[in-house]
Amino acid sequence: MVAASRTPAQPPERALLEETTELLRFVTMGSVDDGKSTLIGRLLHDAHGVFDDQLRAVRQASHMDGAEIDFSLFTDGLVAEREQGITIDVAYRYFATSRRKFVLADTPGHVQYTRNMATGASTAAVAIILIDARLGVLQQSRRHAYIASLLGIPHLVVCVNKLDLVGYDEATYRRVCSDFGAFASKLGFDGVTFLPISALRGDNVVHASARTPFYRGPTLLEYLETVPIDDDRDARPLRYPVQTVLRPSLDYRGYAGQIASGVVRPGDEVVVLPSRKTTRVLSVDRSGEPVDAAFAPMSVALRLADEIDVSRGDMIAHPGSVPRVEQRFDAMIVWLQERPLGRARSYFLKHTTRTVRARVEAIGFRVDLDSLQHVPTEHVGMNDIARVTVRAQRPLFVDAYASNRTTGAFILIDALTNDTVAAGMILEPTTQPEPSSRGDDALAKSHVTAEERRERVGHGGGVVVLAGSAAGSDEGATAYAVERRLFDRGYLAAVVAGDAVEPAAVACAEAGVIAVCALPRPAATALVERLGAGRVVVVGGGSPEEIAAEAARGLTERGVA
């Protein structure tokens with residue numbers, strides 16, 4: 001967005017900055033070997049964004065491999081990357097044209113490096129997804145597009161690459177556009193643009209190609225130079241997470257941090273969270289000098305008029321627009337660790353400058369990346385995208401990620417290994433009531449985790465409900481026969497009966513046992529709603545062997561077994 005269309009509250013320094021320089025951050029993503037690094041190298045080379053010494057070094061390395069010039073070497077700088085011909089870490093490059101300055105992130109396509117891809121995409125305004133024209137749309141392409149939409153990237157460019165290997169066939173290009181367009185239309189991007197390119201030959205990267213007469217749109221560089229940049233962080237409510245307290249002398253106390261959104265000026269009335277004490281901004285200092293105003297993403301120090309308790313992790317905002325103060329919230333997460341998510345495990349949660357203990361209280365669903373369907377589950381593994389409910393031990397000052405990409409984001413950290421295990425995006429609050437107790441608090445206090453139970457037993461906990469004709473047969477004799485057959489199949493199964501079947505079944509499931517119970521249909525439906533469809537298998541009539549076989553299939557499909 002140009003400076004003239006901004007709100008009057010915007011500092012004049014920002015307007016002057018945008019009139020002289022306009023910065024676009026973009027990221028390349030897609031499946032492995034789709035040509036991301038080659039595209040970036042071609043873009044840098046043809047746009048004259050490479051220094052002479054870099055060009056000489058790449059030419060020398062390329063000749064050692066018998067090639068004229070390997071454009072991927074402009075970004076793949078690690079020895080392992082060059083040996084394997086893949087991208088492992090995120091590579092950042094900077095270049096400029098007469099219209100804009102650019103910061104680009106070249107991210108890896110391998111599934112095991114999804115965490116690196118999410119890191120590189122977290123600050124981008126444009127995502128470029130490459131698709132190999134020969135292979136079409138792959139699941140990793142869908143995964144990266146979905147993650148880009150979760151991260152709030154507004155613009156998506158789909159580059160159908162390697163057209164030179166299919167003879168610049170228009171039908172192939174149109175087929176990929178149709179397949180991916182149907183998928184991307186469900187993701188909520190502001191705009192999706194398709195380009196036919198050959199990164200190796202340079203077609204439609206910087207210069208228009210005569211080999212694609214069916215395409216009359218802009219080249220990739222022209223698109224990047226003209227796509228609207230709608231960075232409205234200045235117009236949003238003030239969010240100032242305090243990073244540290246500056247106390248160089250007895251006469252100076254400043255609270256340093258980076259402005260996440262909004263504008264702050266001397267004289268502004270502000271409120272400090274969590275104390276909710278109000279005061280005025282005495283001075284806004286940058287590099288030791290006072291300034292008239294500060295805006296995102298500037299790093300400054302605020303001096304306050306009153307001596308109040310402010311420390312790292314606190315949040316400063318304007319009184320009329322404070323963030324939500326939450327200990328329990330819903331979020332979408334991308335799981336990044338091989339060890340699956342543990343609901344009973346305690347993690348560190350880092351949100352802005354605040355780090356607290358937290359655990360995942362409930363798992364809502366997992367996203368099927370082929371159909372975008374929400375699949376009920378109790379298992380979240382590496383690279384899964386899921387909706388969860390998080391409970392923190394101390395309050396956090398949050399906004400929905402859709403409203404603020406800084407205060408709406410967090411990461412989960414393994415408390416033992418210090419590995420980042422998940423990236424999270426906070427959702428808008430729901431009006432649903434707190435879930436009824438299922439023994440979660442008792443389970444959280446246990447010294448045995450759900451993963452340890454699963455490893456010892458060989459499966460997770462669940463419930464097999466005998467409904468319909470099986471429920472009323474011979475006072476539960478069928479249930480005991482099914483218990484025997486499930487046990488013979490390797491399950492730790494137990495029949496629950498009596499006046500409190502539902503809480504007993506829930507307790508068994510939480511403890512890692514397969515509960516077998518006979519219930520009428522209405523009660524079975526209520527149990528599914530309470531415990532979740534991902535852990536309950538409802539079976540009808542039949543012989544005990546048939547019922548046990550159906551139950552085993554259901555447990556396997558739900559990820560319990």
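The values are calculated or read from the model by the stated rules, or taken from the named source; none is laboratory data. What you see is a predicted model; the values in this text were computed from it and never measured. Neighbour counts are summed over all protein chains in view; Cβ atoms, including those assigned to glycine, are modelled from backbone coordinates with ideal geometry.
Summary table
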read-out: In segment 522-548, the residues that are under 17 Å from V482 (Cβ atoms), in contact (Cβ under 8 Å) with a residue 60 or more places away in the chain and in a helix (DSSP H, G or I); value: L527, P544, E545, I547, A548
read-out: Considering residues of segment 342-389 that are of a type in the set (S, T, N, Q) and touching a Pro at 6+ places or on another chain (Cβ under 7 Å) only, the residue surrounded by the most Cβ atoms within 10 Å (Cβ to Cβ); value: T352
read-out: Count of segment 296-341 residues which are within 20 Å of R394 (Cα to Cα), surrounded by fewer than 20 Cβ atoms within 10 Å (Cβ to Cβ) and of a type in the set (G, A, S); value: 2
read-out: Segment 149-178, subset touching an Asp or Glu at 6+ places or on another chain (Cβ under 8 Å) and at negative phi, residue modelled with the lowest pLDDT; value: P154
read-out: Considering residues of segment 443-479 that are in a helix (DSSP H, G or I), in contact with a helix residue (DSSP H, G or I) (Cβ under 6 Å, 6 or more places away or on another chain) and assigned by TED's automatic domain parsing to the domain that holds T525 only, the residue modelled with the lowest pLDDT; value: A470
read-out: Pair list, Cβ under 6 Å, 6 or more apart: segment 401-412 residue within 17 Å of G313 (Cα to Cα), other residue part of a loop (DSSP other than H, G, I, E, B) and of a type in the set (D, E, K, R); value: T407/D399; G408/D399
read-out: Pair list, Cβ under 9 Å, 6 or more apart: segment 201-213 residue closer than 14 Å to L224 by Cα and in contact (Cβ under 8 Å) with a residue 40 or more places away in the chain, other residue of a type in the set (S, T, N, Q) and surrounded by 19 or more Cβ atoms within 10 Å (Cβ to Cβ); value: V205/S198; V205/T219; V206/T219; H207/T219
read-out: Meets criteria (outside the structural domain of G364 (by TED's automatic domain parsing), at pLDDT below 75 and surrounded by fewer than 20 Cβ atoms within 10 Å (Cβ to Cβ)) for G490; value: no
read-out: Selection count, segment 513-530, where residues are under 20 Å from H459 (Cα atoms) and either surrounded by 22 or more Cβ atoms within 10 Å (Cβ to Cβ) or among the charged types (D, E, K, R) (or both); value: 5
read-out: Condition check for Y240: surrounded by 15 or more Cβ atoms within 10 Å (Cβ to Cβ), assigned to a strand (DSSP E or B) and not basic (K, R); value: yes
read-out: Listing of strands (runs of 3 or more DSSP E) fully contained in segment 244-312 that carry 2 or more residues being out of contact with any strand residue (DSSP E or B) (no Cβ under 8 Å at 6 or more places or on another chain) and at pLDDT below 95; value: 244-249
read-out: Residues satisfying the stated conditions in segment 344-390, i.e. touching a helix residue (DSSP H, G or I) at 6+ places or on another chain (Cβ under 9 Å) and under 14 Å from D330 (Cα atoms); value: R359, E361, A362, I385
read-out: Residue identified as surrounded by 22 or more Cβ atoms within 10 Å (Cβ to Cβ), in contact with a strand residue (DSSP E or B) (Cβ under 9 Å, 6 or more places away or on another chain) and assigned to a loop (DSSP other than H, G, I, E, B) among V137, V158; value: V137
read-out: Residues being surrounded by 17 or more Cβ atoms within 10 Å (Cβ to Cβ) and part of a strand (DSSP E or B) - total across segment 168-209; value: 7
read-out: Selection status of R405, surrounded by fewer than 21 Cβ atoms within 10 Å (Cβ to Cβ), over 18 Å from the mean Cα position of the chain (by Cα) and among the basic types (K, R); value: no
read-out: Residue among L341, L372 that alone is assigned to a loop (DSSP other than H, G, I, E, B) and on the phi > 0 side of the Ramachandran plot; value: L372
read-out: Boolean, D234 is more than 30 Å from L104 (Cα to Cα), touching a helix residue (DSSP H, G or I) at 6+ places or on another chain (Cβ under 9 Å) and not in a strand (DSSP E or B); value: no
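Each row is one residue, and each column tells you yes or no for (1) at pLDDT 90 or above; (2) of a type outside the set (V, I, T); (3) outside the structural domain of V537 (by TED's automatic domain parsing).
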position	(1), (2), (3)
R328	yes, yes, yes
A331	yes, yes, yes
V360	yes, no, yes
I363	yes, no, yes
L372	no, yes, yes
V388	yes, no, yes
